Amino acid sequence: MKIQPLAQTLSMNEYPGRGIIAGKSADSKKAVAAYWIMGRSENSRNRVFVEENDGIRTQAFDPSKLVDPSLIIYAPVRVLGNNTIVTNGDQTDTVYDGMKSGLTFEQSLRSRKFEPDAPNFTPRISACLNVSGGNFALDMSILKSDCGIESSCQRYTFSYENPRAGVGRYIHTYMGNANPLPSFEGEPELVELNGDIEEITSTIWNSLNEENKVSLFVRTIDIETGKTETRIVNKNK
């Protein structure tokens, strides 16, 4: 698979929906995680990211306009020891609780499937970055319907030991803007990860569709020390 320029890859898709990029910085020193949300409806666009403990939570920007919180209010990022869990729904809590009780990332997600938002059946995308003892490993997952068939769930897990420098693995919910929304296909895409956290944040935010983007989270984790840096960008201010 060819490594694509980050800005070009993001700008080519008007509506990737929710997306996760995870990988290693070009200088090999940092693990990188990015997560964003987009929205087509007023309810989906009425959100911001707020920091909570070691992670983040989605929150209504204008609580008076919140209609249905079930699939849009959740904790996308939580930290369990050396593991940073990033997902596009409340399966963040499922993974956190499962791994805390001794299950693996993959085993924890066995109890979940795609979102019940027919006819889209939005995939659940998840990642877990483990930084420990100067090493970095990455797991990613997607749970999706079988071509829109509600009774069939397809489960894919991708594991990367010692990810290569300057490369991110990119997985998102939708292949484009349509009705119903077409689910992501294939394995996580390869994108360039250049620069520091400021450059990565700027590149992602400026490359997402201006009308549909809502919020962005980016975190770097120093592989030797575990020290983190976080950036949050909200369209609603």
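Looking across the range 210-225 at every residue that is polar (S, T, N, Q) and in contact with a strand residue (DSSP E or B) (Cβ under 7 Å, 6 or more places away or on another chain), the one that is farthest from residue 34 (Cα to Cα) is identified as 212.
Of all residue pairs spaced 6 or more apart or on separate chains, those with beta-carbon atoms under 6 Å, a first member in the range 109-125 that is farther than 12 Å from residue 156 by Cα and a second member that is among the hydrophobic types (A, V, I, L, M, F, W, C) and open to solvent by 30 Å² or more (accessible area, probe 1.4 Å) are 115/71. You will find that of 114, 121, the residue that is assigned to a loop (DSSP other than H, G, I, E, B), farther than 26 Å from residue 230 by Cα and either touching an Asp or Glu at 6+ places or on another chain (Cβ under 8 Å) or among the β-branched types (Val, Ile, Thr) (or both) is 121 and no other. Taking the range 163-237 and the strands (runs of 3 or more DSSP E) fully enclosed by it, the elements with 1 or more residues that are under 22 Å from residue 53 (Cα atoms) are at 213-222, 228-234.
Across the range 111-136, the qualifying residues are those that are open to solvent by 40 Å² or more (accessible area, probe 1.4 Å) and not charged (D, E, K, R), and the one among them that is nearest to the chain's Cα centre (by Cα) is 130. The listed residues are 45, 78, 40, and the only one of them that is touching a strand residue (DSSP E or B) at 6+ places or on another chain (Cβ under 9 Å) and more than 20 Å from residue 94 (Cα to Cα) turns out to be 45. Examine the range 86-101 for a residue that is modelled with pLDDT under 95 and of a type in the set (Asp, Glu), and state whether such a residue exists. No, that holds for no residue.
Every residue, every condition in (1) within 17 Å of the chain's Cα centre (by Cα); (2) farther than 22 Å from residue 120 by Cβ, yes or no:
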site	(1), (2)
178	no, no
182	no, no
190	yes, yes
199	no, yes
207	yes, yes
212	yes, no
227	no, yes
231	yes, yes
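The values are calculated or read from the model by the stated rules, or taken from the named source; none is laboratory data. Values in this document were obtained by computation on a predicted structure and should not be read as measured data. Quick reminder, even Gly has a Cβ in these numbers, built from the backbone with ideal geometry, and neighbours come from all protein chains shown. Surface areas here come from the heavy atoms of the whole protein model, side chains and all, with no ligands, DNA or RNA. Shrake-Rupley method; radii C 1.70, N 1.55, O 1.52, S 1.80 Å.
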